[in-house]
Every structure is written in structure tokens, then in C-alpha cells.
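None of the figures in this text is laboratory data; all of them are computed from the coordinates on show. All values derive from a computational prediction rather than experimental measurement. Cβ: placed from backbone, ideal geometry, glycine included. Neighbour counts: every protein chain shown.
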Amino acid sequence: MENVYISGASRGVGKGIAKILASNGYNLAMCCVNNIESLRVYASSLEAKFGVKARAYKLDVSSEAEWRYVAPTILEDFGSIDVVINNAGISYIGLITDMTTEDWDRIISTNLSSIFYSTKMFLPPMVNKKSGHIINISSMWGEKGASCEVAYSATKGGINSFTKALAKEVAPSNIQVNAISLGVIDTDMNSRFSEDDIRDIVSDIPMNRLGTPREVGEVVLSILSSPTYLTGQVIGMDGGM
């Protein structure tokens, strides 16, 4: 069984990915910062249902200090991590002129610096084994840019560039690095929108519906079973938007 690290695993996309991978026999090291008790319950349910090893860890991915404390525990529990899924992220909606320096630093550290930290912690054993996957969850706004989401768009654009550059760096070690560029997925993050807002959003999606966390999990699974020649890609999953 391969061991998978997933950040932001307590809800939404991360939770959907976890279920798909557990149902296909992957062991899971799942992290979150705010919902650790519910994540522990979820981990136990995945173990009972699918017979895999699943553990929950409280980790603020934006904090290098917490990484230095939690990552060794994960590696001690699992031996090694074969698949890294960087999913945790936050958004900020508002004019850039209204954004504080603290807001900016928080979204940059949570969405982008966290990927640097996870790579530093989990990549060396992959290089030694000459195998591994890193999958970064990105957004279509990282390619197109979104008004009133400048910081969020910047972090996702950074993730895309990070993905392409790291893929070149570690390809000689047979490690695949890819990103999934998501459109609008049906998660709690959309709770800020009214029903009318959602209808307007759906009207702009050629598939005429929101995506689901399960579908994101299925894309992750397909990447994990893909030939090693698939690397350095930003794979769009946006219903045709």
C-alpha cells in the first residue's frame, strides 16, 4: 500500500480525495488546522470501511515551525510518504486596495509557502527511492485571474509555475509533479454565494453544473495510475469554462 499525505482533508475537495483514495487501498496521513476532531472521526471511519491506515494530524500548513514538529511524526507513523497532495488553501475576496499586509501574508503563506514546506519535508525520501507523486490543487483563476481575488489568483498562478519547474527538477528521479486546475467545485467555500449567485455561475459553465469533490478525487486517482511521462502538467477540470 502506498502512503498519501493530504492537506486540508477535513472537508470539501480534500475530504473527497481522501475517500476515493482510501476506497482504492491508499493509506492516508490527513491534515487540517481547524476541524481536527471531525477529521479524526473521519479517519477512523475510512479505516473501518476500507481497511487502510488513516491518521489525522493538526497542522497549520502556513507555519514552518509546525511543519518541523508535525512532519517527523507523520514520517515516523508511516515510514515514508509516496504521494503528496497539497490541497489546503484559503481565499480573500475584496479590492486589492482594501487588503491589509497581514491578509496578503496569510494567503501567500497558506496557499503557496505551504507547498514549499511540504516539498522540503517529503521530497528527499522520494528522491532516494526514485519514485513518487506530488499533486498540487490549483485553480482556473491562477491562469485567467479573477477580479477582487488578486492575491488568490497570484498564489494559484505561483502554484502552476512551481509545479512546472519542480517537475523538471525531479524528473531524473522518476518523480511526477502535476497540478489540477479546478473550476467551481460544490464545497463549503461557496456558502458565501446566494442561490442566485450560484445560478449565475452555473450559467457560465458549459457542463451546466458545479463539479464535485468526488470527481476531483477521481482525477487524482487517474494521475496516480498514469505513465511517468505525464509530469509538469496543469490539468484543467472546470466543466469547460
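Residues of segment 58-82 falling in the label zone of Asp105, defined by backbone nitrogen less than 16 Å from a point 7 Å along Cα to beta-carbon, are 62-66.
Stretching the chain fully between Glu37 and Arg199 yields a gain of 54.9 nm (0.36 nm per residue, less the alpha carbon separation). Between the amide H of Val184 and those of Gly211, distances stay under 5 Å, these residues lying 5 or more places away or on another chain, with hydrogens modeled in the peptide plane. The HN-Hα couplings worked out from phi for segment 173-187 by the Karplus form 6.51 cos²θ - 1.76 cosθ + 1.60 (θ = phi - 60°) are 9, 6, 9, 9, 10, 9, 10, 10, 8, 8, x, 8, 9, 6, 9 Hz, whole numbers, x standing for Gly and Pro. For the peptides 181-188, 193-200, the ranking by packing is 181-188, 193-200, with the highest mean count of neighbouring Cβ atoms within 10 Å listed first. For Lys156, a cut-off of 18 angstrom between C-alpha atoms picks up these lysines, skipping any fewer than 8 places away in its own chain: Lys144, Lys164. The length gained on full extension between Lys144 and Ser225, counted as 0.36 nm times the residue separation minus their Cα-Cα distance, comes to 26.3 nm.
Could you tell me which of Ile135, Leu230, Ser118 has its Cα farthest along the dipole of the chain towards the positive end, charges placed at Cβ (Lys, Arg +1; Asp, Glu -1), taken about the Cα centre? With unit charges placed on the Cβ atoms, the residue in question is Leu230. Dipole magnitude for segment 124-241: computed about the Cα centre from +1 point charges on Lys and Arg Cβ and -1 point charges on Asp and Glu Cβ, it is near 720 debye. Rounded to the nearest 500, the 222 nm mean residue ellipticity of the chain from helices alone is -14500 deg cm²/dmol, with -39,500 (n - 2.57) taken per DSSP H run of at least 4 residues. Positive end of the dipole of segment 146-221 (Cβ unit charges, origin at the Cα centre): among Gly211, Leu166, Ala146, the Cα lying farthest that way belongs to Leu166. Percent relative contact order of segment 143-213, based on C-alpha pairs within less than 8 angstrom and at least six residues apart? Contact order relative to length: 24 percent.
Axis angle, to the nearest 10 degrees, between helix 64-78 and the longest C-alpha principal axis of the chain: 50 degrees. Centre-to-centre separation between the Cα atoms of segment 34-50 and those of segment 77-117: 23 Å. Residue pairs exceeding 22 angstrom between C-alpha atoms, taken from Lys19/Lys130; Lys15/Lys53; Lys15/Lys58: Lys19/Lys130. Assuming charge only on the beta carbon of Lys and Arg (+1) and of Asp and Glu (-1), the dipole of the chain about its Cα centre is about 840 debye to the nearest 20.
Other residues lying with their Cβ under 10 Å from the Cβ of Ala22 contribute a combined charge of +2, Lys and Arg counting +1, Asp and Glu -1. Relative to the longest principal axis of the Cα atoms of the chain, the long axis of helix 12-23 lies at roughly 30 degrees. Taking every alpha-carbon pair under 8 Å whose residues sit at least 6 apart, the chain reaches a relative contact order of 21 percent. Classify segment 1-93 as rounded, prolate or oblate, taking a ≥ b ≥ c as the square roots of the eigenvalues of its Cα gyration tensor: rounded when a/c is under 1.5, otherwise prolate if a/b is larger than b/c and oblate if not. Oblate, because a/c is 1.5 or more while a/b does not exceed b/c.
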